[in-house]
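Everything on this sheet refers to the single structure shown next.
The values are calculated or read from the model by the stated rules, or taken from the named source; none is laboratory data. Remember, it's a predicted structure, so these values are computed and weren't measured experimentally. Don't worry about glycine lacking a Cβ; one is built from the backbone with ideal geometry, like all the others, and counts go over all protein chains shown. Side chains are part of the model used for accessible areas, which takes the heavy atoms of the whole protein and leaves out ligands, DNA and RNA. Shrake-Rupley method; radii C 1.70, N 1.55, O 1.52, S 1.80 Å.
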Amino acid sequence: MSSNPILAPFPQTRLRRLRRTPALRAMVNETELSAANLIWPVFVTEVDGADVEIPSMPGVVRYTVEGVKAAAERAARLGIPAICVFPHSDEALRTETCERAWDPDNIGNQAIRAIKQVAPDLTVMTDIALDPYNANGHDGLVRGSEILNDETVECLVRMGLAQAEAGADILGPSDMMDGRIGALRAALEKRGHKDVAIMSYAAKFASGFYGPFRDAVGAAGRLVGDKKTYQINPANRQEALRCVARDLAEGADMVMVKPGMPYLDLCREVRDQFHAPTFAYQVSGEYAMIEGAIRQGWLSRDVVLESLLAFRRAGCDGVLTYFAPEVAEALA
Ligand code: PBG
């Protein structure tokens with residue numbers, strides 16, 4: 001809209017005329033949110049033995065493999081098209097070489113197979129990064145104070161191939177190493193996984209809003225230093241756009257902006273500039289703020305739907321959100 005769309009001044013134009021009744025408001029409603037726009041991130045653990053709640057994410061649990069099967073069936077029943085698996089591995093088995101990340105029987109791959117068994121039509125997405133299996137909590141291999149890039153990419157490719165073999169439909173590299181999308185795409189083609197899609201965490205910022213997630217996967221206490229040498233500076237919009245352009249050029253099918261609500265400007269810009277399917281991640285800290293305030297009685301539950309509608313208005317095709325099942329139920 002380059003010129004002012006309002007032709008007539010007040011009182012010829014009274015914008016409140018079309019807000020007067022529910023029916024009028026429905027007629028001019030511009031944005032829809034449906035269950036089809038949701039991706040549900042779930043935590044799966046191999047240690048706790050029962051479905052345990054995460055203290056900094058009230059209402060969110062770490063599932064056992066049995067528990068995640070029930071969650072998958074629930075997602076399918078509610079019309080949620082995709083579930084995204086985040087492993088919580090046995091801390092005693094985390095190493096600096098991270099070899100469990102590409103073990104066909106690691107907890108993440110067990111979960112993928114279990115979900116495909118009970119809900120074969122549900123899309124299963126994964127996370128590719130070494131942190132759930134890394135002794136020091138980083139997304140890449142660490143040498144001294146450096147997070148190694150090229151050596152990490154080799155590990156990520158192995159990890160992604162193991163996920164594809166386990167039946168994943170969408171791989172989600174969240175590690176922010178350079179060159180990982182191209183390497184992964186080439187490996188998938190070569191190994192007969194030409195139809196496995198990649199949703200790149202392309203514009204992923206070094207954010208404090210991931211705090212509760214790191215509690216959920218047991219990485220919080222282990223993380224040495226921060227992730228600023230690989231995740232994007234929250235001040236940098238141009239750099240984020242370059243990351244998106246680069247990942248699409250290397251073969252990403254879809255891209256993601258993360259975190260979500262504080263970065264809606266980028267959601268809009270990515271959608272408009274690249275014309276590719278664009279997703280946002282309403283991350284753990286956003287969930288904690290909203291759910292925490294609701295539980296305190298400081299906000300009403302309506303803000304959940306409002307927050308997700310905002311992503312749609314900003315141009316997102318869909319949102320990864322811990323509110324997915326609750327919202328799908330409310331929309332049904
Ligand atoms: C791991 C990863 C993180 C999240 C998704 N994948 C944490 C991080 O980068 O430290 C965050 C998700 C959330 O906060 O909900 N690479």
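Would you tally the residues in region 131-180 being within 13 Å of the ligand (Cβ to nearest atom), under 16 Å from the mean Cα position of the chain (by Cα) and assigned to a loop (DSSP other than H, G, I, E, B)?
Qualifying residue count, region 131-180: 5.
Tell me the residue from Ala280, Ala276, Ala310 that is surrounded by 23 or more Cβ atoms within 10 Å (Cβ to Cβ), modelled with pLDDT of 95 or more and under 24 Å from Met125 (Cβ atoms), please. Before the answer, list the steps.
Working: Ala276 fails: surrounded by 23 or more Cβ atoms within 10 Å (Cβ to Cβ); Ala310 fails: surrounded by 23 or more Cβ atoms within 10 Å (Cβ to Cβ).
Criteria check complete, one pass: Ala280.
Name the single residue that is surrounded by the fewest Cβ atoms within 10 Å (Cβ to Cβ) among those in region 137-165 being over 22 Å from Ala220 (Cβ atoms) and among the small types (Gly, Ala, Ser).
Only one residue tops the list, namely Gly144.
Among the candidates Glu99, Glu30, which residue alone is under 25 Å from Arg312 (Cα atoms) and either open to solvent by 10 Å² or more (accessible area, probe 1.4 Å) or out of contact with any Lys or Arg (no Cβ under 8 Å at 6 or more places or on another chain) (or both)?
On the way: Glu99 fails: under 25 Å from Arg312 (Cα atoms).
Among Glu99, Glu30, only Glu30 is under 25 Å from Arg312 (Cα atoms) and either open to solvent by 10 Å² or more (accessible area, probe 1.4 Å) or out of contact with any Lys or Arg (no Cβ under 8 Å at 6 or more places or on another chain) (or both).
Cβ-Cβ distance below 8 Å, separation of 6 or more or different chains: which pairs start in region 16-44 with a residue that is without any contact (Cβ under 8 Å) to a residue 40 or more places away in the chain and end on one that is exposed (fewer than 10 other Cβ atoms within 10 Å of the Cβ) and of a type in the set (D, E, K, R)?
Leu24/Arg17
Restricting to region 263-287, give me the number of residues that are of a type in the set (S, T, N, Q) and either within 16 Å of the ligand (Cβ to nearest atom) or closer than 22 Å to Asp302 by Cβ (or both).
Number satisfying all stated conditions: 2.
Could you check, for region 134-157, whether at least one of its residues is under 15 Å from Val85 (Cα atoms) and in contact with a Gly (Cβ under 9 Å, 6 or more places away or on another chain)?
Checked against the condition, which is being under 15 Å from Val85 (Cα atoms) and in contact with a Gly (Cβ under 9 Å, 6 or more places away or on another chain), region 134-157 yields no hits at all.
Assess whether Ala220 counts as being more than 15 Å from the chain's Cα centre (by Cα), surrounded by fewer than 23 Cβ atoms within 10 Å (Cβ to Cβ), closer than 19 Å to Arg180 by Cβ and small (Gly, Ala, Ser). First the steps, then the outcome.
Numbers: more than 15 Å from the chain's Cα centre (by Cα): yes; surrounded by fewer than 23 Cβ atoms within 10 Å (Cβ to Cβ): yes; closer than 19 Å to Arg180 by Cβ: no; small (Gly, Ala, Ser): yes.
So Ala220 does not fit the description; no.
Which members of region 187-239 meet the condition of being in a helix (DSSP H, G or I) and near the ligand (Cβ under 9 Å from one of its atoms)?
Taking region 187-239 and keeping what is in a helix (DSSP H, G or I), we get 187-190, 208-216, 237-239.
Passing the criteria: Phe209, Tyr210, Gly211, Pro212, Phe213, Arg214, Ala216.
Those residues that are within 12 Å of the ligand (Cβ to nearest atom) and touching a residue at least 60 places away in the same chain (Cβ under 8 Å), I need them from region 109-130; list them, please. So that I can check it myself, show each step before the final result.
Restricting attention to region 109-130, the residues satisfying the condition of being within 12 Å of the ligand (Cβ to nearest atom) are 125-130.
Hit for region 109-130 is Met125, nothing else.
For the condition out of contact with any helix residue (DSSP H, G or I) (no Cβ under 6 Å at 6 or more places or on another chain) and at pLDDT 95 or above, what is the one hit in Ala203, Ala240, Ala235?
Values: Ala203 fails: out of contact with any helix residue (DSSP H, G or I) (no Cβ under 6 Å at 6 or more places or on another chain); Ala240 fails: out of contact with any helix residue (DSSP H, G or I) (no Cβ under 6 Å at 6 or more places or on another chain).
Exactly one residue qualifies, and that residue is Ala235.
Tell me the residue from Arg295, Arg246 that is among the charged types (D, E, K, R), open to solvent by less than 70 Å² (accessible area, probe 1.4 Å), over 13 Å from Tyr322 (Cβ atoms) and away from the ligand (no atom under 16 Å from the Cβ), please.
Values: Arg295 fails: open to solvent by less than 70 Å² (accessible area, probe 1.4 Å).
Just a single option satisfies the conditions, and that option is Arg246.
Which residues, counting only those in region 127-175, are among the small types (Gly, Ala, Ser) and closer than 20 Å to Cys243 by Cβ?
Once the filter is applied, which keeps residues that are among the small types (Gly, Ala, Ser) and closer than 20 Å to Cys243 by Cβ, region 127-175 yields Ala129, Gly140, Gly160, Gly172, Ser174.
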